[in-house]
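For reference, the structure discussed in these notes is given below.
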Amino acid sequence: MKAAVLHEVGGIPRYEDFPDPVAAEGEVIINVKAVAVENVDKAIAAGTHYASEKFIAQLPTIPAFDGIGTLPDGTLVGFGNPRAPYGALAEKTVVAGNSFAPIAAGIDPAVATVLGTAITGMSVKTAAGLMPGETVLIQGATGVAGRLAATGRDDDQLREVQAIGADAVISTAVCDDALMQAFADARQDGYDVVLDYLWGRPTEILLRTLTPDSFAFPKPTRLIQAGESAGTELVLAAASLRTSGVEIYGAAKGLGPQTMGEVYGQIVTWAQSGELTFDLAKVPLSDIETAWTRTDLRGRRLVVMP
């Protein structure tokens with residue numbers, strides 16, 4: 001079969017022949033139809049992710065650990081955790097018999113690869129308890145997940161975000177003082193919920209603006225930590241929590257088997273009806289070497305089609 005084959009940690013996968021997987025007892029062969037290549041896949045291949053040791057323990061290997069494909073009987077499924085070295089970026093892979101689930105009728109395989117991305121956007125409800133009429137600030141709205149959920153670094157994409165319904169947009173590509181002022185100007189009577197895909201510098205500055213400079217009873221702000229595209233760490237002043245009314249939660253708060261199913265079902269319903277759309281950049285598996293290093297996606301999700 002053809003596959004994207006990684007020969008060294010930090011290398012670029014190459015399109016080449018690879019032995020077909022053979023299913024052991026309790027396993028099933030998946031004919032791969034679509035795979036979304038995300039930052040986590042690249043970080044694992046680069047050896048910089050905490051899960052790198054697990055997924056690239058042996059080389060050569062095939063990157064990516066989930067995707068959409070068909071069972072031998074033609075059923076369309078979403079799958080995960082292929083048996084190494086058979087990652088998802090190949091014509092075929094092999095998974096355990098409990099590592100796949102059917103995809104709802106009417107969902108395009110390429111779209112199905114990114115439905116999970118919208119789950120973090122739903123954390124404004126599951127983790128933050130969003131109520132009608134509340135104000136939401138999305139940190140990182142120009143990214144793929146953020147657009148589905150506003151701040152960002154790309155002015156053109158910020159205009160697109162505003163066109164799809166944002167009341168105001170904030171560019172983070174300014175000096176600290178200007179960003180603080182922008183947060184303050186947009187805040188008006190306060191942010192009820194912040195969905196944060198950035199962390200790092202922008203969130204550190206945001207928290208400063210939410211900290212009162214005199215004794216007050218501040219409006220609570222529930223900040224949902226969902227990503228770290230601007231940095232893995234920040235300096236959190238004690239007053240940012242003690243006197244600001246800020247409450248910080250992880251995006252997984254409130255998720256369990258039942259709520260995950262409910263959230264995913266709602267996302268599927270929106271996708272089927274056309275209420276939820278995704279901007280995808282589809283490429284054939286044969287173009288993996290070029291696609292892996294693309295820097296022009298600008299909010300689109302890269303989907304590889306074997």
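The values are calculated or read from the model by the stated rules, or taken from the named source; none is laboratory data. Just so you know, these numbers come straight off a predicted model, no measurement behind them. Positions of Cβ are backbone-derived with ideal geometry, glycine not excepted, and every protein chain shown enters the neighbour counts. Calculation scope for accessible area: heavy atoms of the full protein, side chains included, ligands and nucleic acids excluded. Shrake-Rupley method; radii C 1.70, N 1.55, O 1.52, S 1.80 Å.
Miscellaneous remarks
- Legend: residues Met122, Met260, sorted from most to least accessible area (1.4 Å probe; ligands, DNA and RNA excluded), read Met260, Met122.
- Backbone phi angles across segment 43-60, fed through the Karplus curve with coefficients 6.51, -1.76 and 1.60 (θ = phi - 60°), yield HN-Hα couplings of 5, 5, 5, 7, x, 9, 9, 4, 8, 4, 4, 5, 8, 10, 5, 10, 10, x Hz in residue order; Gly and Pro are listed as x.
- Shown is the FRET efficiency for Arg14 and Ser52, computed with R0 = 22 Å from the Cβ-Cβ distance and rounded to the nearest 0.05: 0.70.
- Near Glu247, the amide H atoms lying under 5 Å from its own belong to Thr221, Arg222, Leu223; only residues 5 or more places off or on other chains count, and H is placed 1.01 Å from N.
- Residues whose placed amide H lies under 5 Å from that of Ile30, excluding near-sequence neighbours: Thr93, Val94, Val95
- Expected 222 nm ellipticity per residue - DSSP helices of 4 or more, -39500 (n - 2.57), all of the chain, to 500: -7500 deg cm²/dmol
- Heavy-atom accessible area ranking, 1.4 Å probe, most first, across Met305, Met1: Met305, Met1
- Taking each residue as 0.36 nm, the span from Ala178 to Glu247 lengthens on full extension beyond its C-alpha to C-alpha distance by 22.4 nm.
- Scanning residues 5 or more positions from Leu302 or on other chains, those with amide H under 5 Å from its amide H are Val37, Ala281, with H placed 1.01 Å from N in the peptide plane.
- Estimated FRET transfer efficiency when R0 is 35 angstrom, pair Ala101-Thr290 (beta carbons, to 0.05): 0.65
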